[in-house]
Amino acid sequence: SHRRTLTHEHHPIEEFRYVHTARKVVGVGSVGTRCYIMLLVGRDNGDPLFLQVKEAQGSVVEPHLRRVTYPNHGARVVIGQRLMQAATDIFLGWQRVKGLDGRTRDYYVRRLHDWKGGVDVDRLRVPGATVYARLCGRRWRGHTPAGATGSRSPPTSAKGDAFDRALADFSVTYADQNERTPRRSPPP
């Protein structure tokens, strides 16, 4: 099913065969979602391909935006990424899977790679921190869907500082919620 979401012509994934899948513990932004690492091999064991299969749930902004229909949440994530990036991972696709528990869940699939860069924010001085905050804000705005307008939509206009204030208010509220949430010990 993942192959059908990729390009229609011959695709490199056709040269690989499935070997094994393992569950992956995900980071802070994905807590509570399922994520798997899938091993495939090509010509031989020296030609591995690792894919990440990550659960895609409903968007938190979905109730506030005009309705856009996608086949599933995995498709929404992939189509959004394809719109934002001129060149994406050639293995980026989606699938819908019925789990062992009988529930159907949506996933997006991509090559396993740590795409994240980082900044040591503890070492930034005020001018550098200001530039970094502005860059993060611009990147965050890039995640807002095109056409998100109307009275129920989050503010996305470049005019004024309504968006910046809404984002700051959300951040403070989210941080407060995290502090109130009791910490659970991980299972043994």
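For the stretch 49-78, the tally of residues that are among the hydrophobic types (A, V, I, L, M, F, W, C) and surrounded by 15 or more Cβ atoms within 10 Å (Cβ to Cβ) stands at 8.
Against the list (1) open to solvent by 40 Å² or more (accessible area, probe 1.4 Å); (2) of a type in the set (Val, Ile, Thr); (3) touching a Pro at 6+ places or on another chain (Cβ under 9 Å), the condition Val41 fails is (1).
If you go through the stretch 99-143 and pick out every residue that is surrounded by 10 or more Cβ atoms within 10 Å (Cβ to Cβ), among the charged types (D, E, K, R) and modelled with pLDDT under 85, you end up with 2. Scan the stretch 76-117 for residues that are among the hydrophobic types (A, V, I, L, M, F, W, C) and not in a loop (DSSP other than H, G, I, E, B) and report the count. Final tally of qualifying residues: 8.
The lone criterion from (1) more than 19 Å from the chain's Cα centre (by Cα); (2) open to solvent by 50 Å² or more (accessible area, probe 1.4 Å); (3) of a type in the set (Val, Ile, Thr) left unmet by Thr21 is number (2).
The values are calculated or read from the model by the stated rules, or taken from the named source; none is laboratory data. Everything numeric in this text was worked out from a predicted model, so none of it was measured. Don't worry about glycine lacking a Cβ; one is built from the backbone with ideal geometry, like all the others, and counts go over all protein chains shown. Accessible surface areas use protein heavy atoms only, side chains included; no ligands, DNA or RNA. Shrake-Rupley method; radii C 1.70, N 1.55, O 1.52, S 1.80 Å.
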